[in-house]
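Okay, so here's the structure we're looking at.
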Amino acid sequence: MMATTHALAGVALAVLVSVLFPESAAGTSVIPIAAAALGGLFPDFDLYAGHRRTLHFPVYFSAAAAVGAVVAVAATVLAPQTGLVAMSAALFLAAAALHSASDAIGGGLELKPWLGTSERAVYSHYHGRWIRPRRWIRYDGSPEDLLAAVVLAAPAVYAFDGPVQTGVLAAVGISAVYVLLRKPMVIAVEAVVDALPEGVVVRLPARFVEDFR
C-alpha cells in the first residue's frame, strides 16, 4: 500500500483510541496523532535499503505495541504527566505494527507489482521467512489503495479540524496524484536507468537493476 495509506491508517487508529478513551491524550492533543502518522510511515524508511525487511517487523512491532499500550494505560493512571509521551509512543508502535502486518494484504515486492510475479510481501524476522502477498489490494497506487486511503481518512476529517484535517486531506490529495502517476512513473524510471552510466547503475539498489535491466 501507499505510504500515505499507512500514515492514514495510523491516524485512524489514533481517532479510534480518542473515541474509546476520550479523556486520554489521543483525544486532547495533536502530538499522539502525529506520532501515529509517523509510526505508519516509519517502516517504509527502508525503501532503498532492504525494503519491507530492514524496518518491517510484523511480529515484534505488534508485541512492542502491546507492551506500549499497557505502559500507556498505567502511565495515565499512575503518572498522568507522562501520559502524553506514553500514549504517543504506544500509537507509534501500533501504527508501525499495523503497517508491517498489512503489507501482507497488498502486492509483492517488485517495481511492477501489477504483474504479480513476486511472492515476497513482507519479511517476518520472527519466522525467518517472507510472508506471501494476498493481493487484496493489488499493488501500491492501485485504485483500491486510493479507496482504502479515503476510507481511512474519513474518521479524522469528521473528528478533527484545523491542522489535522488539513494534513489528512493533503495526504488524500497526494495519494490521488500518485495513483495517476504510478505506472507512467515506472516507465519513466526505466528510461532513466537505461540511460545511466554503468558506474552509476551499480550504486542503485539491486532490485531496481534486476527489474529494469
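Since every read-out is calculated from the coordinates, none of them should be taken as a lab result. Since we're looking at a predicted model, the values are computed, not measured. Cβ sites come from the backbone with ideal geometry, for glycine too, and all protein chains shown count toward neighbours.
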Exercise. What is the local net charge at L147, summed over the other residues whose Cβ is closer than 14 Å to its Cβ (Lys, Arg +1; Asp, Glu -1)?
Worked result: -2
Seminar exercise, completed: Rounded to the angstrom and largest first, Cα extents along the principal axes for the chain equal 59, 37, 32
Exercise. Which value, in debye to the nearest 20, gives the size of the charge dipole of the chain about its Cα centre, when Lys and Arg are +1 and Asp and Glu are -1 at the Cβ?
Worked result: 420 debye
Problem set entry | Environment charge at S100 (Cβ cut-off 12 Å; Lys +1, Arg +1, Asp -1, Glu -1) | -1
Exercise. Which whole-number percent is the relative contact order of segment 1-52 (Cα, under 8 Å, 6+ apart)?
Worked result: 41 percent
Exercise. Using 7 Å Cα-to-Cβ label points, what is the T82/L169 separation (nm, one decimal)?
Worked result: 4.0 nm
Seminar exercise, completed: Lys and Arg at +1, Asp and Glu at -1: neighbours of Y178 with Cβ under 14 Å from its Cβ sum to -2
Problem set entry | L38-Y126 pseudo-label distance in nm [points 7 Å out on the Cα-to-Cβ vector] | 2.5 nm
